[in-house]
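S.K.: Before we start, here is the structure in question, set down as structure tokens.
The values are calculated or read from the model by the stated rules, or taken from the named source; none is laboratory data. Source: prediction; values computed, not measured. Cβ atoms come from the backbone with ideal geometry, glycine included; neighbour counts cover every protein chain shown.
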Amino acid sequence: MKYKIAYIDEDDGWLNQFYHTFKSDFEILKIKADVNTTLDDIVSTIFEKEMDGVITDYLLDETGEVEFNGNQVIDAIRDYKPYFPALMLTAHEPQAINHTEDVNIINGKDILDGENEKRLAILKVKIKSNIDRYYEMIANTQTRIEELVRKRNEDSLEPNEEEELTKLFIVMDELEPEGKEMPANLVEKEAITKLNTFVAQTREILDELKKQSKE
């Protein structure tokens, strides 16, 4: 099964070039950014269509029609899912580096010209590996939570295990903010009430800090 990735660009030519370059390796959703596109539209489309990852052009506002750039797209996505696989392609690498928090996601757009097959092959592996690791993180976090909850229900946890479980609930809340639940037979409501309350309070604090940092 191919992973589904979204590619965002304001230029039809680049959208088509990306599609033809990667269509054999991934299912591609082309998202054209134009005067009517909002960040909320893009984020909603990506998660409603259950994309496995996203790649965006950096300089989306080059024509003056779009009110945001690729770094803002990735920020908006990661405000919702901090670990979601995301990369950026750009012909303006110095500018992108200066405006992007995670410079490791930046890749030169010239890689799409097909002249360097080795670089292109590396990018394809990078995309797939990022998605693989994301789903592996979800699975490992879920498995460890289930182990600790089972132990908590059957016996008790050491203080360090209680702390680990709390942290894992926070991580899972960031990985799966839709609130997917663990199997009911593993969870006694009274056993995790305090943890759920703590997670909710922690998320409120983090959200407030994010708002303050943007003001």
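S.K.: Hey, Thr37 hits all of (1) outside any loop (DSSP other than H, G, I, E, B); (2) touching a residue at least 12 places away in the same chain (Cβ under 8 Å) but one; which does it fall short on?
M.R.: (1)
S.K.: Could you please find all residues in the stretch 4-17 being crowded, with 19+ Cβ neighbours inside 10 Å and closer than 16 Å to Asp52 by Cβ?
M.R.: Ile5, Ala6, Tyr7, Ile8
S.K.: Can you find a residue in the stretch 138-152 that is surrounded by fewer than 16 Cβ atoms within 10 Å (Cβ to Cβ), over 24 Å from Pro85 (Cα atoms) and in contact (Cβ under 8 Å) with a residue 40 or more places away in the chain?
M.R.: Among the residues of the stretch 138-152, at least one is surrounded by fewer than 16 Cβ atoms within 10 Å (Cβ to Cβ), over 24 Å from Pro85 (Cα atoms) and in contact (Cβ under 8 Å) with a residue 40 or more places away in the chain, which makes the answer yes.
S.K.: Which one is surrounded by the most Cβ atoms within 10 Å (Cβ to Cβ), of the residues in the stretch 87-108 that are outside any strand (DSSP E or B), within 21 Å of the chain's Cα centre (by Cα) and among the aliphatic types (A, V, I, L, M)?
M.R.: Ala96
S.K.: Considering each of Asn107, Asn140, Asn130 in turn, give the residue that is of a type in the set (S, T, N, Q), assigned by TED's automatic domain parsing to the domain that holds Ile74 and at negative phi. Walk me through it before giving the result.
M.R.: Working: Asn140 fails: assigned by TED's automatic domain parsing to the domain that holds Ile74; Asn130 fails: assigned by TED's automatic domain parsing to the domain that holds Ile74.
Checking each option against the conditions leaves just Asn107.
S.K.: Could you list all residues from the stretch 156-175 that are assigned to a loop (DSSP other than H, G, I, E, B) and either modelled with pLDDT of 85 or more or in contact with a Leu (Cβ under 8 Å, 6 or more places away or on another chain) (or both)?
M.R.: Keep residues of the stretch 156-175 that are assigned to a loop (DSSP other than H, G, I, E, B), which gives 156-158.
Hits for the stretch 156-175 are Leu157, Glu158.
S.K.: Test of understanding: among Ile131, Ile46, Ile122, Ile111, which residue is without any contact (Cβ under 8 Å) to a residue 40 or more places away in the chain, surrounded by 15 or more Cβ atoms within 10 Å (Cβ to Cβ) and assigned to a helix (DSSP H, G or I)? Even if it seems obvious, please write down each step before you answer.
M.R.: Values: Ile131 fails: without any contact (Cβ under 8 Å) to a residue 40 or more places away in the chain; Ile46 fails: without any contact (Cβ under 8 Å) to a residue 40 or more places away in the chain; Ile122 fails: surrounded by 15 or more Cβ atoms within 10 Å (Cβ to Cβ).
Among Ile131, Ile46, Ile122, Ile111, only Ile111 is without any contact (Cβ under 8 Å) to a residue 40 or more places away in the chain, surrounded by 15 or more Cβ atoms within 10 Å (Cβ to Cβ) and assigned to a helix (DSSP H, G or I).
S.K.: Which ones in the stretch 68-86 are touching a residue at least 12 places away in the same chain (Cβ under 8 Å) and either in a loop (DSSP other than H, G, I, E, B) or charged (D, E, K, R) (or both)? Outline the logic, then answer.
M.R.: Start the filter on the stretch 68-86 by keeping residues that are touching a residue at least 12 places away in the same chain (Cβ under 8 Å), which leaves 68-77, 79-86.
Once the filter is applied, which keeps residues that are touching a residue at least 12 places away in the same chain (Cβ under 8 Å) and either in a loop (DSSP other than H, G, I, E, B) or charged (D, E, K, R) (or both), the stretch 68-86 yields Phe68, Asn69, Asp75, Asp79, Lys81, Pro82, Tyr83, Phe84, Pro85.
S.K.: Kindly indicate the residue of the stretch 49-66 that is assigned to a loop (DSSP other than H, G, I, E, B) and of a type in the set (Ser, Thr, Tyr) and also nearest to the chain's Cα centre (by Cα) among those meeting that condition.
M.R.: Just the residues of the stretch 49-66 that are assigned to a loop (DSSP other than H, G, I, E, B), to begin with: 49-52, 58-66.
Still in the running and of a type in the set (Ser, Thr, Tyr): 58, 63.
Values: Tyr58: 16, Thr63: 27 Å.
Going through the qualifying residues, I end up with Tyr58.
Here is a yes/no grid of residues against (1) among the hydrophobic types (A, V, I, L, M, F, W, C); (2) over 26 Å from Ser24 (Cα atoms):
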site	(1), (2)
Glu62	no, yes
Ala76	yes, yes
Pro82	no, yes
Pro94	no, yes
Ile97	yes, yes
Asn107	no, no
Ile122	yes, no
Lys126	no, no
Asn130	no, no
